[in-house]
Amino acid sequence: MKWGMVIDLKRCVGCYGCQLSCKAEHGTPRGVFFARVLKQEEGQYPTVSQTFLPVLCNHCEDPPCVDACPTGASFVWEDDGTVDIDHDLCVGCRTCMLACPYSNRYFNDNEQAYYGDQGQTPYEAARTSQHQEGVVMKCNFCRDRRQEGKEPACVANCPTVARHFGDLDDPTSNVSRLIKERAGFVLHPDKGTKPNVYYLPA
Amino acid sequence: MTSARYDQLINDLKSEYRPQREWAEGRGAFLIYGHFLVGVAAGGWLLSRYFGSFDGMVLSYLLACLGGLAHLVNLARPERALNMMLRYKTSWVSRGFWGLTFFMIGGLLYFLSRSEFGAPLGEGSRISAAGDILAIIGSLTMMCYMGFVYTASKGIPFWNSTLHPVLYIAYAIRGGIAVLVLTLALRGQELGGESGLLELWIGVTAVVIVLWVLEIQGAVSSGDETAKRSINDLLAGRLAVYFYGGTLLIGLVVPLVLTTGTIAPLSASILAVIGLASIIGDFFMKYSSIKAGVYLPVRLPHLHR
């Protein structure tokens, strides 16, 4: 089995629902984004186009972050091919961040509070206490949710159904079918990382 | 994360070309210091060992100790540093950690068998020979691992070049010669022509210059806009002062002019200045090239826009 995601750029309206639902699901600290939406504008008035590009960890088959990690904290789950981090092993050297060609890893530094000098609100403290400080963090395709039989939060909460999640090893799965029928593509294919997040053209 | 750093991160994420700050600012700056110190120490040990300068070996060992400390300060969780020995099969950082460990242990064993330290392990013993070999293996690993760490960084196109390891090895050798020249000069010894040290320094410096030209040419002609941006930052942007002033002027021009002996005869003090300038230049080379790293932007392939 190989979990993968397909993001339909034609359906994405740039509502940031995926980014917010991810934040809500994981309670990620300030400065850590497992999912983001990039807004790209091109051309000059009056022929201007705007594209939304939702990004997250690509869970590459050949992940350079895993090879670069000196401790084995970054690893690939053999049962489903997702890339994850064992925070108990991470030394916070940040080598993996520089190895990732997609910039989808974030360092959870100390002193995280949304309201600066006021310190953490009780809500922030409750949500972020589950995360270790001084380690690198990233998306794990919502492993906890998947173990409960649910889809990742960004998929479940996308209001336009732009995100699809499934088994890329199964040729009959929705993701495999969409990639085949709509010419799904990956980001930076030249880097040879074989990403498992595909995009459908806008 | 303080408010200023958070704001900076958000601004970076919004920008087209995001400068890497992970190994350049805050505790990340200690990686620059660490790589500089460890590179000079590795080259210094090998050259001093070859030319039989015990003082040079002691200085190199001390520099490696400082470099190791700087590496530890760079880690956010230094208490877990031993975990870095686990992935030597794939990770150059892990290999570097092994190299530094070999060097520290080997160097210590070597010193403990030298008469200058009372030779508690006995001169010419098997432990002494083992320490010697271990230290040489360690210093060779230290010289090589740094460049490969950068080459493995696929997120930073400027570093992701096959020339980077060669450049770092050349700089380590050059730094080693400079350590040796500095040591001899501080001892008040003048270099005889037969030592060939200055000629070797000039030769390696020539190699370094060629490698820099190839590195810049490669980045500019690669068609990679991000690598070009890094070169622009280095030659005409935020790092130009450090590159021209530190790497080129202090690190290359000043020592090269002094080696000709036209300004002043090659006395011990002039040799000390040559060695020191070369070492300072090495620091600025690492400082500017590491800081010039810019993340590969994530954008849609042109066909799909």
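Across segment B:21-52, what is the number of residues that are aromatic (F, W, Y), open to solvent by 30 Å² or more (accessible area, probe 1.4 Å) and within 12 Å of chain A (Cβ to nearest Cβ)?
Number of matching residues: 1.
Answer yes if at least one residue in segment A:164-174 is closer than 30 Å to B:P157 by Cβ and open to solvent by less than 20 Å² (accessible area, probe 1.4 Å), and no otherwise. Step through it out loud before you land on a result.
From segment A:164-174, those closer than 30 Å to B:P157 by Cβ are A:168; that's our starting set.
This time we only want the ones that are open to solvent by less than 20 Å² (accessible area, probe 1.4 Å), so: none.
No, segment A:164-174 contains no residue that is closer than 30 Å to B:P157 by Cβ and open to solvent by less than 20 Å² (accessible area, probe 1.4 Å).
Condition first: open to solvent by 40 Å² or more (accessible area, probe 1.4 Å), at the interface with chain A (Cβ under 9 Å from one of its Cβ atoms) and in a helix (DSSP H, G or I). Now tell me which residues in segment B:86-109 satisfy that.
Passing the criteria: B:W92, B:R95, B:F97.
List the helices (runs of 4 or more DSSP H) that sit entirely inside segment B:225-305 and contain at least 3 residues that are over 18 Å from the mean Cα position of the chain (by Cα) and closer than 16 Å to B:I156 by Cβ.
Values: elements: B:225-236, B:254-260, B:268-291.
The helices (runs of 4 or more DSSP H) meeting that bar are B:225-236.
Take the residues in segment B:259-294 that are open to solvent by less than 10 Å² (accessible area, probe 1.4 Å) and of a type outside the set (G, A, S); name whichever of them is farthest from B:R18 (Cα to Cα).
Looking at residues that are open to solvent by less than 10 Å² (accessible area, probe 1.4 Å) and of a type outside the set (G, A, S), I get B:L271.
Can you tell me which residue within segment A:187-202, out of those that are out of contact with any Asp or Glu (no Cβ under 9 Å at 6 or more places or on another chain) and more than 9 Å from chain B (Cβ to nearest Cβ), is nearest to A:L56 (Cα to Cα)?
Per the criteria, the residue is A:V197.
Please verify whether segment B:204-212 includes one or more residues that are open to solvent by 20 Å² or more (accessible area, probe 1.4 Å), at pLDDT 90 or above and either among the polar types (S, T, N, Q) or assigned to a loop (DSSP other than H, G, I, E, B) (or both).
No, that holds for no residue.
Please return the ranges of helices (runs of 4 or more DSSP H) entirely within segment A:60-130 where 3 or more residues are open to solvent by 10 Å² or more (accessible area, probe 1.4 Å) and within 11 Å of chain B (Cβ to nearest Cβ). Quick ask: steps written out before the conclusion?
On the way: elements: A:64-68, A:95-99, A:122-128.
Hits in segment A:60-130: A:64-68.
When you go through (1) open to solvent by 10 Å² or more (accessible area, probe 1.4 Å); (2) at the interface with chain B (Cβ under 9 Å from one of its Cβ atoms) one by one for A:V135, which number turns out not to apply?
(1)
When you scan segment B:282-302, do you find a residue that is in contact with a strand residue (DSSP E or B) (Cβ under 8 Å, 6 or more places away or on another chain), of a type in the set (S, T, N, Q) and in contact (Cβ under 8 Å) with a residue 40 or more places away in the chain, even just one? Lay out the reasoning, then the answer.
Going residue by residue through segment B:282-302, those that are in contact with a strand residue (DSSP E or B) (Cβ under 8 Å, 6 or more places away or on another chain) are B:291, B:293-295, B:298-301.
Pick out the ones that are also of a type in the set (S, T, N, Q) and you get none.
No; the residues of segment B:282-302 include none that is in contact with a strand residue (DSSP E or B) (Cβ under 8 Å, 6 or more places away or on another chain), of a type in the set (S, T, N, Q) and in contact (Cβ under 8 Å) with a residue 40 or more places away in the chain.
The rows are residues; the columns are (1) open to solvent by 30 Å² or more (accessible area, probe 1.4 Å); (2) within 19 Å of B:V38 (Cα to Cα); (3) modelled with pLDDT under 90.
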site: B:I173; (1), (2), (3): yes, yes, no
site: B:E190; (1), (2), (3): yes, no, yes
site: B:E215; (1), (2), (3): no, no, no
site: B:N232; (1), (2), (3): yes, no, no
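Just for segment B:73-85: of the residues that are touching a residue at least 24 places away in the same chain (Cβ under 8 Å) and part of a helix (DSSP H, G or I), which one is nearest to the other protein chains (Cβ to nearest Cβ)?
Here the residue is B:N74.
Yes or no: segment A:37-46 includes at least one residue that is modelled with pLDDT of 95 or more, outside any loop (DSSP other than H, G, I, E, B), more than 7 Å from chain B (Cβ to nearest Cβ) and surrounded by 15 or more Cβ atoms within 10 Å (Cβ to Cβ).
Yes - at least one qualifying residue is present in segment A:37-46.
Name the residues in segment A:138-171 that are part of a helix (DSSP H, G or I) and touching a residue at least 40 places away in the same chain (Cβ under 8 Å), would you? It would help to see each step written out before you state the result.
Step one: of segment A:138-171, the residues part of a helix (DSSP H, G or I) are A:143-147, A:153-156.
Answer for segment A:138-171, where residues must be part of a helix (DSSP H, G or I) and touching a residue at least 40 places away in the same chain (Cβ under 8 Å): A:R143, A:R145, A:R146, A:A153, A:C154, A:V155, A:A156.
Among the small types (G, A, S), over 20 Å from B:G67 (Cα atoms) and buried (at least 19 other Cβ atoms within 10 Å of the Cβ) - does that describe any residue in segment B:176-188?
Within segment B:176-188, the first condition is being among the small types (G, A, S), and the residues that meet it are B:176, B:178, B:185, B:188.
This time we only want the ones that are over 20 Å from B:G67 (Cα atoms), so: B:185, B:188.
When the remaining residues are screened for being buried (at least 19 other Cβ atoms within 10 Å of the Cβ), the result is B:185.
Among the residues of segment B:176-188, at least one is among the small types (G, A, S), over 20 Å from B:G67 (Cα atoms) and buried (at least 19 other Cβ atoms within 10 Å of the Cβ), which makes the answer yes.
For segment A:47-59, give me each residue that is within 11 Å of another protein chain (Cβ to nearest Cβ) and of a type in the set (A, V, I, L, M, F, W, C).
Filtering segment A:47-59 for residues within 11 Å of another protein chain (Cβ to nearest Cβ) gives A:49-56, A:58.
A:F52, A:L53, A:V55, A:L56 - these are the residues of segment A:47-59 that are within 11 Å of another protein chain (Cβ to nearest Cβ) and of a type in the set (A, V, I, L, M, F, W, C).
Does B:R18 fit the bill of being touching a Pro at 6+ places or on another chain (Cβ under 9 Å), surrounded by fewer than 22 Cβ atoms within 10 Å (Cβ to Cβ) and among the basic types (K, R)? Before the answer, list the steps.
Working: touching a Pro at 6+ places or on another chain (Cβ under 9 Å): yes; surrounded by fewer than 22 Cβ atoms within 10 Å (Cβ to Cβ): yes; among the basic types (K, R): yes.
Spelling it out, B:R18 is indeed touching a Pro at 6+ places or on another chain (Cβ under 9 Å), surrounded by fewer than 22 Cβ atoms within 10 Å (Cβ to Cβ) and among the basic types (K, R).
Only one of B:D12, B:D7, B:D55 is away from chain A (no Cβ under 12 Å) and surrounded by fewer than 18 Cβ atoms within 10 Å (Cβ to Cβ); which?
Details: B:D12 fails: away from chain A (no Cβ under 12 Å); B:D7 fails: away from chain A (no Cβ under 12 Å).
The unique qualifying residue is B:D55.
The values are calculated or read from the model by the stated rules, or taken from the named source; none is laboratory data. Given the structure is predicted, the values throughout are model-derived calculations rather than measurements. Methodologically, a virtual Cβ is constructed for each residue, glycine included, from the backbone with ideal geometry; neighbour enumeration extends over all protein chains shown. With ligands, DNA and RNA removed, areas are computed over all heavy atoms of the protein, side chains included. Shrake-Rupley method; radii C 1.70, N 1.55, O 1.52, S 1.80 Å.
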